[in-house]
Amino acid sequence: MAHMAFTTPPALTVGFDLDMTLIDSRPGIRACYQALSERTGTYIDADLTVTRLGPPLAEELINWFPAEEIPAMADLYRAMYPTIAITATPAMTGAREAIAAVREAGGRAIVVTAKYEPNAKLHLAHLGIEPDAVIGDLWAEQKAEALREHDAGVYVGDHVGDVRGARTAGALSVGVATGPCPEEELRAAGADVVLTDLTEFPRWLSDYLPARA
């Protein structure tokens, strides 16, 4: 009689979005848009911009600048960003604990974000959050590239674009209702799980891991 071979599932890799998932980037981004407005003499409603964070920078800039100016304005914004936005941006409640929970479970935590990668790394370094990898400049379905490359089984994010990225990658989509998309919108987009915020993540993970095995 053949013996059944029991194998341990591979260590879990969990991907996290950055803006409004791990960091509350609204104060820094608002200040950066205000500075860009002053520098260029172009009106930008900075309070409005921070209500729709998630998509790439160019998708917001097109609301305020002619299309031919977008590349130059994006470069200027990104150049101003480190001195204006980094220190103004706090971690979201539960962010450090969520990363720690993945590590304590023997897993890897990566950040996959639409934000310009050098600035994403500056945010995390400033806050003392040290994921195993940071991959920037990917939005929505594009995020699946990095999630597949790192074999991420779970992706955590606050936007319907994050849900689409997770589903495209074949990863479990965990939504957090801390950004512009409410719980019902995340569920309608196909999120497998929706948490109120990241403080609920460690308990969810501890329940999920035995089921995964």
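What angle do you read, to the nearest 10 degrees and between 0 and 90, between the alpha-carbon axis of helix 201-212 and the longest principal axis of the chain? Helix 201-212 sits roughly 40 degrees off the main axis of the chain. Over the range 61-130, all Cα pairs binned in 10 Å intervals from 0 give whole-percent P(r) values of 17, 39, 26, 14, 4, listed from short to long. Kirkwood radius, the range 1-109, all distinct C-alpha pairs, inverse of mean reciprocal distance: 16.5 Å.
Between the range 161-213 and the range 13-82, how far is it from one alpha carbon centroid to the other, in angstrom? The distance from the Cα centre of the range 161-213 to that of the range 13-82 comes to 25 Å.
For the chain, give the percent of accessible area contributed by carbon and sulfur heavy atoms, probe 1.4 Å, rounded to a whole number.
Working: 5180 of 10100 Å².
Heavy-atom surface of the chain belonging to carbon and sulfur, 1.4 Å probe: 51 percent.
Per residue, the range 1-92 exposes 52 Å² of solvent-accessible protein surface, assessed with a 1.4 angstrom probe and all protein chains in place.
Per the Debye formula on identical point scatterers at the alpha carbon atoms of the chain, with no solvent, log10 I(q)/I(0) at q = 0.08, 0.10, 0.13 Å⁻¹ is -0.29, -0.43, -0.70.
Divide the volume of the convex hull around the Cα atoms of the range 109-213 by the residue count and you get 103 Å³ per residue. Surface analysis of the range 128-213 yields an accessible area of 45 Å² per residue, using protein heavy atoms and a 1.4 Å probe. To the nearest 10, the accessible area of residue 81 is 0 Å² with a 1.4 Å probe.
The values are calculated or read from the model by the stated rules, or taken from the named source; none is laboratory data. These numbers were taken from a predicted model, which means no experiment stands behind them. Calculation scope for accessible area: heavy atoms of the full protein, side chains included, ligands and nucleic acids excluded. Shrake-Rupley method; radii C 1.70, N 1.55, O 1.52, S 1.80 Å.
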